[in-house]
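Structure, as structure tokens:
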Amino acid sequence: MTPLFALLFDSLDERLKLRRPSRKALNKVFPSNWSFLLGEVALFAFAILVLTGVFLTMFYRPSTADVTYTGSNVLYDGRELPAAFESIIRMSSDVPGGLLFRRIHRAASHVFIAATVLHMLRILMTGAFRRPRELNYLLGIVLFTLAMGGGLTGYSLPYDSLAGTGIRITYSGLLSFPFVGDRLAFWIFGGDFPTGDVIPRFFVFHVMLVPALIIGAVSLHLLFVARQRHTQFPHLGVDGHHFVVGKPLWPSQFAESATLFLWTAGVLVASSIFIPWADVALLGPYVPGEVGNNAQPDWFMFWLEGILRVFPSIEIDLPGVTIAGTFVASIVIPGILFTALAAYPWIERRVYHLEGDWHVLQNPLEIPLRAGVIVGTFSFVLLASAAATNDILSRMTGIPVEVVTWIFRIAVVFVPPLLCALFVWYARRRLRRRQLSVATTEQEEAARYLSAAEPGRAADVPR
């Protein structure tokens, strides 16, 4: 068989000239550290999402029209249900392997978003966003936004009680845009909510638009990685700005990535067998006008839900326009957060007067501003996420929900800046101690050198 493959490759090489670029690609060196695999986990989870999504698309009905379910699920047999919800029940109860594929798809979506978040956090903490990788960093923010969009449209498609609540909140956020809110809501929803057009349009977004954008963004992301030298953690005695320490793509990195893909797929399948992911039968179909205790969205949207819950229901009157509190909470504050994250590489470069290209990663405490920004930003996100459970915390603790809401209002305003200032102070103090230690070591080495050369001059070295 080997001569046959060699003959096939030689034939292709004569026409496409693949040998030289293939050899260069296969010899590309990849740094060896577990944190570099987070991006690969996200990529593998997305591939599993696409494969399972193709299967689910064959049985899903993107419609809110009422149909009668007749199947093996005794809870809904003979009942009229929205077609979207009915197709999910039928897929889970009557299609062989349907429930397993749904659970794998749902689990893969959580892994995809979680790995994307952790990958971005690693980029931020280690400074992998610095020149010449600013464009790839911005592309990562776009990918994270698309991942959240895919998650939002995905968990809206079953049209259960959770999905309907999320759709209604999305509609309110679009409607709150000054001047163009009604037009935006109409373009996306096709009319006043609840409308029959929202599920078909979300279906198009989820299975066509968002995946196409993610595939395009991932392709650009990988192209940038291939064109640029890999970042790496510092190695003693190695100039990391000119040499990469690691293993080649073939066979070492390929074998590691293939093993990681099998582990990712295996864990997703095992979790889907033993954990009841996405059991929409317990949630019931969405009924407009009803909101239950299961109104919390998926975890990656908690922070947006929390901001909406703690932001006061106020209106800001400006000349010619009224700004609703919903717009500030759902659009302005997240927009400021994402804009600040996108601008941070240039802010750090200007504050610390950094020049040239950077290929060696750093401990975030070596850059006090970075340490403060990361801690402040993620403490805000975590507090806002916790605020999305204010009603649950109220029932658990017996504290009135109004008091819990005010606690979070105060916390999200004062705790992140306080933690940011604290970590900036700690990082600066740590940096000064380290610089003093290095200076002291250099003086001691100079003293020993002079003592060995001219013993009488050793006392002249300042301490």
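The values are calculated or read from the model by the stated rules, or taken from the named source; none is laboratory data. Model, not experiment: these values are computed from the prediction. Here Cβ is always computed from backbone atoms with ideal geometry, including for glycine, and neighbour counts include all displayed protein chains. Remember, those area values only see protein heavy atoms, side chains included, never the ligands or the DNA or RNA. Shrake-Rupley method; radii C 1.70, N 1.55, O 1.52, S 1.80 Å.
State whether one or more residues within the range 78-85 are over 27 Å from the mean Cα position of the chain (by Cα), on the phi < 0 side of the Ramachandran plot, assigned to a loop (DSSP other than H, G, I, E, B) and not acidic (Asp, Glu). Yes, the range 78-85 has at least one match.
Where helices (runs of 4 or more DSSP H) fall wholly inside the range 118-204, the ranges with 1 or more residues that are more than 24 Å from residue 54 (Cβ to Cβ), among the hydrophobic types (A, V, I, L, M, F, W, C) and open to solvent by 40 Å² or more (accessible area, probe 1.4 Å) are 134-156, 161-175, 181-189. Whether a residue is over 27 Å from the mean Cα position of the chain (by Cα) and over 20 Å from residue 37 (Cβ atoms) was assessed, and residue 287 passes this test.
Remark: pairs (first residue in the range 117-128, hydroxyl-bearing (Ser, Thr, Tyr); second residue surrounded by 20 or more Cβ atoms within 10 Å (Cβ to Cβ); Cβ separation under 7 Å; 6+ apart in sequence or on different chains) = 126/361. When the residues of the range 246-268 are filtered to those that are open to solvent by 60 Å² or more (accessible area, probe 1.4 Å) and not charged (D, E, K, R), the one that is nearest to residue 25 (Cα to Cα) is 250. The helices (runs of 4 or more DSSP H) falling completely within the range 1-68 that include 2 or more residues that are of a type in the set (Val, Ile, Thr) map to 38-57.
The condition (being more than 25 Å from residue 125 (Cβ to Cβ), in a helix (DSSP H, G or I) and out of contact with any Ser or Thr (no Cβ under 7 Å at 6 or more places or on another chain)) is satisfied by just one residue among 332, 373: 332. Taking the numbered list (1) surrounded by fewer than 19 Cβ atoms within 10 Å (Cβ to Cβ); (2) within 30 Å of residue 92 (Cα to Cα); (3) in contact with a Phe, Trp or Tyr (Cβ under 6 Å, 6 or more places away or on another chain) in turn, residue 296 passes all entries but (3).
Within the range 393-402, the only residue that satisfies the criterion of being open to solvent by less than 60 Å² (accessible area, probe 1.4 Å) and either of a type in the set (Ser, Thr, Tyr) or touching a residue at least 24 places away in the same chain (Cβ under 8 Å) (or both) is 394. Applying the condition of being β-branched (Val, Ile, Thr) and over 15 Å from residue 155 (Cα atoms) to the range 269-287 and asking which residue is surrounded by the fewest Cβ atoms within 10 Å (Cβ to Cβ) yields 273.
Just a yes or no: is a residue in the range 307-329 assigned to a loop (DSSP other than H, G, I, E, B), open to solvent by 30 Å² or more (accessible area, probe 1.4 Å) and of a type in the set (Gly, Ala, Ser)?
Yes, there is a match, as at least one residue in the range 307-329 is assigned to a loop (DSSP other than H, G, I, E, B), open to solvent by 30 Å² or more (accessible area, probe 1.4 Å) and of a type in the set (Gly, Ala, Ser).
Taking first residues from the range 428-445 that are in a helix (DSSP H, G or I) and partners that are modelled with pLDDT of 70 or more, the Cβ contacts under 8 Å between residues at least 6 apart in sequence or on separate chains come to 428/368; 430/365; 431/365; 431/366; 431/368. Is it the case, given these coordinates, that residue 181 is within 30 Å of residue 320 (Cα to Cα) and out of contact with any Ser or Thr (no Cβ under 6 Å at 6 or more places or on another chain)? Criteria met by residue 181.
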